[in-house]
Amino acid sequence: MLDLLPDLFDKYPNQLRLANVPFIDFGAKTCFFGEIVTIDCFNDNSKVKELLATSGQGKVLVVDGHASMNRALLGDMIAESAVKHDWQAVIINGCIRDAGTIGTLDIAVKALGTCPIKTEKLGQGQTNISLHFAGLTFVPGQYIYGDKNGIAVSDKLLII
């Protein structure tokens, strides 16, 4: 499936909320959906690395990096771990690095851009809290859908 959001919005126009930021697609997959898992962090991807090393079957990690363009919150090794642990997608309100390699991995990755500089590992950040960016609130346990048309969230899983 290449386009998911147009069909979902046709079928469930009142149950979806659309992000108002045009995230860039970096992974080999561009179409995805899953249960939201969240991390709030700023220039420290310790929690991202930790969480993507756990089972992510049916889940999408949403990371609020506070739109920082100074450090990359996801690189190739952490993305490879996400693929190994069956995560559907990673969405970052911030940057990634190793974009060429991530583009070959069987996972959807959306971010604001790239930065070649890694983060410090200070163990900072919060997991499974509500996040607010791109005109949306991302609540753990809700559902997120994405493709080249954008990102949308719903309170419950919508039948595709």
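The values are calculated or read from the model by the stated rules, or taken from the named source; none is laboratory data. All of these numbers come straight from a predicted model, not from anything done at the bench. Note that each Cβ is placed from the backbone with ideal geometry, even for glycine, and that neighbours are counted across all protein chains shown.
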Query raised in the report: For the subset of the range 101-118 comprising residues that are assigned to a loop (DSSP other than H, G, I, E, B) and touching a helix residue (DSSP H, G or I) at 6+ places or on another chain (Cβ under 8 Å), which member is nearest to L61 (Cα to Cα)?
Result: I107
Query raised in the report: Going by the conditions given, is A111 buried (at least 20 other Cβ atoms within 10 Å of the Cβ), out of contact with any Lys or Arg (no Cβ under 9 Å at 6 or more places or on another chain) and modelled with pLDDT of 95 or more?
Result: yes
Query raised in the report: So, of the residues in the range 13-56 that are over 21 Å from T101 (Cα atoms) and of a type in the set (A, V, I, L, M), which turns out to be surrounded by the most Cβ atoms within 10 Å (Cβ to Cβ)?
Result: I39
Report task. Give the number of residues within the range 103-122 that are of a type in the set (A, V, I, L, M, F, W, C), under 13 Å from the mean Cα position of the chain (by Cα) and closer than 14 Å to T30 by Cα. Result -> 4
Query raised in the report: What are the residue pairs meeting all of these: first residue in the range 1-12, first residue exposed (fewer than 13 other Cβ atoms within 10 Å of the Cβ), second residue at pLDDT 95 or above and of a type in the set (D, E, K, R), Cβ atoms under 6 Å, and 6 or more apart or on different chains?
Result: D3/D147
Query raised in the report: Which residues, counting only those in the range 65-90, are in contact with a strand residue (DSSP E or B) (Cβ under 9 Å, 6 or more places away or on another chain), of a type in the set (V, I, T) and in a helix (DSSP H, G or I)?
Result: I78
